[in-house]
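Structure first, then comments.
The values are calculated or read from the model by the stated rules, or taken from the named source; none is laboratory data. Remember, predicted model here, so these are calculated numbers, not experimental data. Every residue, glycine as well, gets a Cβ built from its backbone with ideal geometry; the counts of neighbours run over all protein chains shown.
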């Protein structure tokens, strides 16, 4: 470093480096920030998603108070879908347990199960929409139905994004690139998927407690 | 810079990149930063032109403009500006300036260019995402610009897009159709681009600082960019949520923002149950943090530049950081002060008054710290220094009127008058603009290896500084006199007619002010190729890490090894030191030679 070289050439330290607290950044050499870049970025992304749904729920709570509010009856299939999504989250935990033991077959199996359950959830949500339409409940029927379609739709979009992420992780799993020592993609994707599971349960409760 | 040179400087031995990969589809944070800046400048020219058209109408509402009738045959039918066109100018000027100039140039431009350089990293954490963020931003610029070109014209509802006007489509006016749809699309794209940028900024600053660079040794610009990115991450998704609901109201038949019983242009609107104030709440929950998204990077840049040219450490560094943090936290609990006249309960109004006035405390702390930095300094009056001092002046002038407007009792009188226009222009438009100018003059040699003309810079400063006060100071008087915002023709109101000479004075000043900005643009673009070449790394004798790299900085930023930091960023005029600045990389302070 030019500065250091210069200092040594001129010699004679007259003052300790000011404001020195021994701490410091990590740079390329020794990355000691508690979580990795990808984990941090995922957390930040999830924060943004959380704010999106927080904004929508505040709108929901405000409009819940208007006299024109009318509840709709949600199809029972929603409960089954919720269980399916929860099961897909559980499958991820099995996949993570397998990867920690380096059982590659288990990883492939449980990741696939999780993906299939995720897809099933999406198809199930579509079926719920069809049932509502058959019952004559459309997007614009009541404020409650509007929120039902918007919240389920946005959640489904986020989940579909998660499935694209899963495709990347699955490719790594099937090319045996996920090991006990190195499986960050699985960790990060699992975080995202669990979070979407949580968002769904949150939205469902919100819609249920109308 | 030649290829061989960049190979010597950079760590990576990349294959030679062609012109397109190097300067256009680049993932290098410096190129992306400059792309953001230049795009924002183009948007500023558009947004500025729109404001000049507005000033033309406000000063001389009765005059006919045959030339403009040729350029804009629909908007200037018979030489007179159409009222609809005036409203679309208001909307587009506000939208372009807030999002596509200030947010873009300060966080997108300076954020990308400076973060890796000042923290001693080679690039951003996710370079591809960073490039993607720029290209999505460019798309959003094109989409918002196209709103001016479509049939029906640009939206009419102001940059705040208040519902139900924004929710009703063409029933509410020609621009509320396609124009408004394009507005929403552009904002959605901008949000996506901002999210990608924000993820990158936070991750990079937190995880990629070089050895020895602790958080409390960061330059204030870095603190400001970090806090800004967090604000953006929390605020923009709420705007997106509101925009999604708005889209469904417009295209899906829902009634989130549309109450029952609205008659628009003699037509009953068949919606029921919605809540127009809900839009205002969601919009301002985003909108108030947004003004700090604009002002915080400006504060950081101005603080660092002031310290450099005062040759003094910034006064009370820690308080600077803490006050930025408290401004950021408070910014989320003050949005109601934009809605004092919305029928809000007086008690809630008082709560928002108190939280709003609380922001004056950290703002005043910062102001006194800037004064403390300048106090007794032997200031080097360069163009960047002048613009930083101008920033402080404008921030104070605009901030003081904020105390009036934050007080609900007074605001009810002043709401939607030119007093508000004067306030927010000074504090969140012109002050950040001055900081951005300071930054451009200051880091120009780092970007292009040449200096901008100092003489032109000083003329630019004095014309701008006097110009903005001539334009915006009289607006306070207009506002107290009752002139309302978004007014198309002041001469329509008898009580405003005596004030018309002030409007003429403002418009003449605005045209002179605009000519100074042309001088800047000429200086900027001519200097890229013809400015005085910079041979040393550190022409301003500054301490931060970017000045350890050559001008312009090559790919990979630093030499084979990353710099190691031994001190904070403000070791200016250390007693007994040989030079009046000690770089952050210096392990020891060289003493004065004994004679």
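Figures for the structure shown
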item	result
Odd one out for residue B:354 among (1) buried (at least 17 other Cβ atoms within 10 Å of the Cβ); (2) in a helix (DSSP H, G or I)	(1)
Qualifying residue in the range B:92-102 (condition: modelled with pLDDT of 95 or more and more than 21 Å from residue B:437 (Cβ to Cβ))	yes
Any hit, the range A:11-27, residues being under 15 Å from residue A:203 (Cα atoms), within 8 Å of another protein chain (Cβ to nearest Cβ) and either surrounded by 15 or more Cβ atoms within 10 Å (Cβ to Cβ) or modelled with pLDDT of 50 or more (or both)	no
Matching residues, the range B:66-81, being in contact with a helix residue (DSSP H, G or I) (Cβ under 7 Å, 6 or more places away or on another chain), free of Cβ contacts under 8 Å to residues at least 12 places away in the same chain and in a loop (DSSP other than H, G, I, E, B)	B:76
Criterion: in contact with a helix residue (DSSP H, G or I) (Cβ under 9 Å, 6 or more places away or on another chain), crowded, with 18+ Cβ neighbours inside 10 Å and part of a loop (DSSP other than H, G, I, E, B) - qualifying residue of B:248, B:257, B:286	B:257
Selected residue (criterion: surrounded by the most Cβ atoms within 10 Å (Cβ to Cβ)) from residues of the range B:390-434 that are out of contact with any helix residue (DSSP H, G or I) (no Cβ under 7 Å at 6 or more places or on another chain) and part of a helix (DSSP H, G or I)	B:433
Selection from the range B:470-491 of residues that are part of a helix (DSSP H, G or I) and either under 23 Å from residue B:411 (Cβ atoms) or without any contact (Cβ under 8 Å) to a residue 60 or more places away in the chain (or both)	B:470, B:471, B:472, B:473, B:474, B:475, B:476, B:477, B:478, B:479, B:480, B:490
Conditions (1) surrounded by fewer than 16 Cβ atoms within 10 Å (Cβ to Cβ); (2) closer than 14 Å to residue B:402 by Cα: number failed by residue B:359	(1)
Residue in the range B:551-595 that is farthest from the chain's Cα centre (by Cα), counting only those that are within 16 Å of residue B:312 (Cα to Cα), within 7 Å of chain A (Cβ to nearest Cβ) and touching a residue at least 60 places away in the same chain (Cβ under 8 Å)	B:567
In the range B:100-129, residue farthest from the other protein chains (Cβ to nearest Cβ) [restricted to those that are more than 15 Å from residue B:225 (Cα to Cα) and in a helix (DSSP H, G or I)]	B:101
Filter pass, residue A:109 being farther than 30 Å from residue A:185 by Cα and at pLDDT 95 or above	no
Index of the failed condition, residue B:540 passing every other in (1) closer than 29 Å to residue B:468 by Cα; (2) outside any loop (DSSP other than H, G, I, E, B); (3) touching a residue at least 60 places away in the same chain (Cβ under 8 Å)	(2)
Residue count for the range B:179-197, restricted to those that are without any contact (Cβ under 8 Å) to a residue 40 or more places away in the chain and either facing chain A (nearest Cβ under 9 Å) or not in a helix (DSSP H, G or I) (or both)	0
Every residue from the range A:97-117 that is at negative phi and surrounded by fewer than 19 Cβ atoms within 10 Å (Cβ to Cβ)	A:97, A:100, A:101, A:103, A:104, A:105, A:106, A:108, A:109, A:112, A:113, A:116
Conditions (1) buried (at least 19 other Cβ atoms within 10 Å of the Cβ); (2) in contact with a helix residue (DSSP H, G or I) (Cβ under 8 Å, 6 or more places away or on another chain): number failed by residue A:120	(1)
Residue within the range B:181-193 that is within 17 Å of the chain's Cα centre (by Cα) and farther than 18 Å from residue B:246 by Cβ present	yes
Failed criterion for residue B:292 (all others in (1) surrounded by fewer than 21 Cβ atoms within 10 Å (Cβ to Cβ); (2) closer than 30 Å to residue A:154 by Cβ hold)	(1)
Residue that is nearest to the chain's Cα centre (by Cα), among those in the range B:252-275 that are more than 10 Å from chain A (Cβ to nearest Cβ) and under 14 Å from residue B:163 (Cβ atoms)	B:258
Unique match (being modelled with pLDDT of 95 or more, assigned to a helix (DSSP H, G or I) and within 25 Å of residue B:236 (Cα to Cα)) among A:80, A:91, A:41	A:41
Number of the condition not met by residue A:81 [criteria: (1) within 14 Å of chain B (Cβ to nearest Cβ); (2) surrounded by 19 or more Cβ atoms within 10 Å (Cβ to Cβ); (3) in contact (Cβ under 8 Å) with a residue 12 or more places away in the chain; (4) in contact with a helix residue (DSSP H, G or I) (Cβ under 7 Å, 6 or more places away or on another chain)]	(1)
So residue B:502, is it under 28 Å from residue B:450 (Cβ atoms), away from every other protein chain (no Cβ under 14 Å) and either part of a helix (DSSP H, G or I) or out of contact with any strand residue (DSSP E or B) (no Cβ under 7 Å at 6 or more places or on another chain) (or both)	no
Candidate set: the range A:154-183, residues that are farther than 17 Å from residue A:114 by Cβ and loosely packed, with under 15 Cβ neighbours inside 10 Å; chosen: the one nearest to the chain's Cα centre (by Cα)	A:157
Cβ-Cβ under 6 Å pairs, at least 6 apart or on other chains, the range B:248-269 side on the phi > 0 side of the Ramachandran plot, far side part of a loop (DSSP other than H, G, I, E, B)	B:253/A:140
Residue check, residue B:206 part of a helix (DSSP H, G or I), surrounded by fewer than 24 Cβ atoms within 10 Å (Cβ to Cβ) and facing chain A (nearest Cβ under 7 Å)	yes
Residue B:301 being in a helix (DSSP H, G or I), at pLDDT 95 or above and surrounded by 24 or more Cβ atoms within 10 Å (Cβ to Cβ)	yes
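Yes/no matrix, rows are residues, columns are (1) closer than 30 Å to residue B:216 by Cα; (2) in contact (Cβ under 8 Å) with a residue 12 or more places away in the chain; (3) assigned to a helix (DSSP H, G or I):
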| site | (1), (2), (3) |
| --- | --- |
| B:314 | yes, yes, no |
| B:319 | yes, yes, yes |
| B:323 | yes, yes, yes |
| B:327 | yes, yes, yes |
| B:330 | yes, yes, yes |
| B:342 | no, yes, no |
| B:358 | yes, yes, yes |
| B:362 | yes, yes, yes |
